[in-house]
Amino acid sequence: MRRFTKIALTGALTGALVSGTVSTAEAGIDHEPVVLPGCAVTLVPDGGDAGNAECLQPARETASGDRYGRDGRDGRDGRDGRDGRDRDRVSYVVVTEHGPWGSRAEREGWHLYFVEPGLYYVPRKFNDEASAWGSYGFCGHFHVHDPGTRPAAFFPKNRAGNFPYGNVGNDELSGVSVYDHCG
């Protein structure tokens, strides 16, 4: 997999995120996601240290690259079948122990990467501890309780922010619903 190009957050964007507002901002990729083969949920305990990454939930067979054919394309338009996204870009939702998004503290805490659509419980050890989030290519809902229940807050694709967000307070995240059709 090619390395992602790092995009620096602008001063205005950083200021908006640091202020603690509920609004979201365009998600600038400031670190490469950690994706383990055959894994739907990956835990990175120390920020971006891929050497310590652990698969918490295996991927479903039907959600693997097989659904796009041998070359990863859907055959309709020469693109990769995932809303026309570039094949080298990985879609994921990440929730982090610390915030604000893009800060040094955010990069140093644990990260949970959700890389396939589905309903997920935040593991008990990390339940009610998330402070920031980013979404790339996926949209969905954050939940205070079980995935699919209320209170919840919708998050759009290609955005980042901090908790509290909508109806989900800081250190209240217990479930994540991830969708790949964000229309």
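The values are calculated or read from the model by the stated rules, or taken from the named source; none is laboratory data. Here the structure is a predicted model, which is why all the values come from computation and not from measurement. With ideal geometry, Cβ positions are generated from the backbone for all residues, glycine too; neighbour counts draw on all protein chains shown. Just so you know, the surface numbers come from the protein's heavy atoms only, side chains and all, with ligands and any DNA or RNA stripped out. Shrake-Rupley method; radii C 1.70, N 1.55, O 1.52, S 1.80 Å.
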Find out how many positive minus negative residues lie around V144, taking Lys and Arg as positive, Asp and Glu as negative, among other residues whose Cβ is under 11 Å from that of V144. -3
Per the rule of 0.36 nm per residue minus the C-alpha distance, extending A105 to E54 adds in nm 16.3 nm
Grab the beta carbon distance between K125 and C182, set R0 = 35 Å, and tell me the FRET efficiency rounded to 0.05. 0.75
How much accessible area per residue does the stretch 103-183 have, in Å², with a 1.4 Å probe? 42 Å²
Tell me whether the stretch 127-183 comes out rounded, prolate or oblate; compute the Cα gyration tensor, take square roots of the eigenvalues as a ≥ b ≥ c, and use a/c under 1.5 as the rounded threshold. oblate
Residues with beta-carbon under 15 Å from that of N127, excluding N127: net charge, scoring Lys, Arg +1 and Asp, Glu -1? -4
For S174, the net charge from surrounding residues (Cβ-Cβ under 13 Å; K, R +1; D, E -1) works out to -2
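Could you tell me which of rounded, prolate or oblate describes the stretch 100-148, using a ≥ b ≥ c as the square roots of the eigenvalues of the alpha-carbon gyration tensor, with rounded for a/c under 1.5 and, failing that, prolate when a/b is larger than b/c and oblate otherwise?
Oblate, since a/c reaches 1.5 and b/c is not below a/b.
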